[in-house]
Each structure stands twice: as structure tokens, then as C-alpha cells.
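One structure below.
No lab work stands behind these numbers, since they all come straight from the coordinates. Small disclaimer: the values here were computed from a predicted structure and weren't measured. Here the Cβ positions follow ideal geometry from the backbone for every residue, glycine too, while neighbour counts run over all protein chains shown.
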Amino acid sequence: MKIVFIILFMLIGFQACSMHKISEYEALNAYNQGNYKKAYGFYKELCDSGKAMGCYNLGNMYYLGGVGVKQSYSSAKEFQHKACEGGYIDGCYNLAVLYRDGQGVKQNYFKAVKLFEKTCENGRLAGCYNVGFMYKNGQGVKQSYSNAKVFYHKACEGGLPYGCEKYSILDKKGY
């Protein structure tokens, strides 16, 4: 009977150890300490378990390169897409940048605008600014200074100085 309890305790202990979930803090701490290999493993585990923040950070690592992984815009796109789909708005923003700049994907201004709009709707002021910029330049949308002004104004109201600057320029021109 005693041996059964010992085996049972060993199995429970083993299961408890294997159930340890990596925390976002542990991953960030490893990254900040320059242990990129460990951070990569933590972020990968988080991403694989459905944590969008882990996917977002993997995407950033691939975008930057030299931080534990070789630069790969296509891998950055893959992980930012997962982050965005998982509701991590900064992943949507980074994905929009990749589509706007044609990094790791075929350049697609229309997709970039849609993603920037999504980020703007969720309070990402740089997303509002970028939608304004794309309306001003007719990238992915029909050129419209009045629409550009609306988005620059949103960025400005949120406290983004260059949104205010662009809004003011369009306002002075009568748009």
C-alpha cells in the first residue's frame, strides 16, 4: 500500500511539473536579460497555447532579427497574423505595416488600410494617423483629404502630435 502512495505522489508531482505554464512575465524577463533563445521558447509556448501576446513577440523577434532568430518578414507576418486573430491589437498594427511596406507579403494597401482602421477603432492612435496618411495619398482607398482630416483629427485628439500637425495643414487648406 505504501508503494502505491509513493508512485501516486511521484505521478502527481511529475504532472504538476509538466503543467507549469510559462507566464508572460517570465518570457519578457528572459528577453530583457538578453536570453533570446529562452525568450523565444517561452513566447513560442505561449503562442502555441493560444496567447496572442506570445505570437506578437515572436513576430517582433522575426521582424527585427538578430535577437535569437534570423530576420524573416514572412515569419513576422505569420506570427503577427496569429496575434491579430487572437485579439492583440498591436499585432494587427504590425501586420498592417507589413502589408503597407510589402515586407514578407505582397504589398497590399487595401489590407493595410483595413488593419489600420481596426487598430484605430481600438484606440491605437498611430493606426488613425496611418489611415489618414493613406487617404491623403490614395493608397488602398480613394484619395480623400476630408477623410484624411477625420483620421488625423482622431490621432490629434488622442494626443499624437504629428496627427495634429497633419490635421492643421489640411484644415488651413480648407478641407
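Taking only DSSP H segments of four or more residues, each worth -39500 (n - 2.57), what value at 222 nm results for the chain once the sum is divided by all its residues, to the nearest 500 deg cm²/dmol?
-23500 deg cm²/dmol
Number of Lys-Lys pairs in the stretch 70-148 under 25 Å by Cα, sequence gap 8 or more or different chains?
20
What is the distance in Å between the Cα centroid of the stretch 75-97 and that of the stretch 144-174?
First find each Cα centre; the distance between them is then 26 Å.
May I ask you to list the aspartates and glutamates whose Cα is less than 19 Å away from that of K44, ignoring any residue fewer than eight positions away on the same chain?
Correct list for K44: E24, E26, E78, E85, D90.
Along the stretch 57-73, what does the Karplus equation 6.51 cos²θ - 1.76 cosθ + 1.60 (θ = phi - 60°) give for ³J(HN,Hα), rounded to whole Hz, x for Gly and Pro?
With the stated coefficients, the stretch 57-73 comes to 5, 4, x, 5, 4, 5, 5, 6, x, x, 10, x, 9, 6, 4, 8, 5 Hz.
DSSP loop (so not H, G, I, E, B), at most 12 other Cβ within 10 Å: list which trypsin sites (Lys or Arg not before Pro) in the stretch 25-106 pass both filters.
K70, K106
Using Cα positions and a limit of under 16 Å, work out the aspartates and glutamates in reach of K166, with same-chain residues fewer than 8 apart set aside.
List returned: E157.
Does the stretch 110-175 classify as rounded, prolate or oblate by the C-alpha gyration tensor (a ≥ b ≥ c root eigenvalues; a/c under 1.5 gives rounded; else a/b over b/c gives prolate, otherwise oblate)?
Judged from the Cα gyration tensor, the stretch 110-175 comes out oblate (a/c at least 1.5, b/c at or above a/b).
By the gyration tensor of its Cα atoms, with a ≥ b ≥ c the square roots of the eigenvalues, what is the shape of the stretch 23-107: rounded for a/c under 1.5, prolate for a/b over b/c, or oblate?
Oblate is the answer for the stretch 23-107, as a/c is 1.5 or above yet b/c matches or exceeds a/b.
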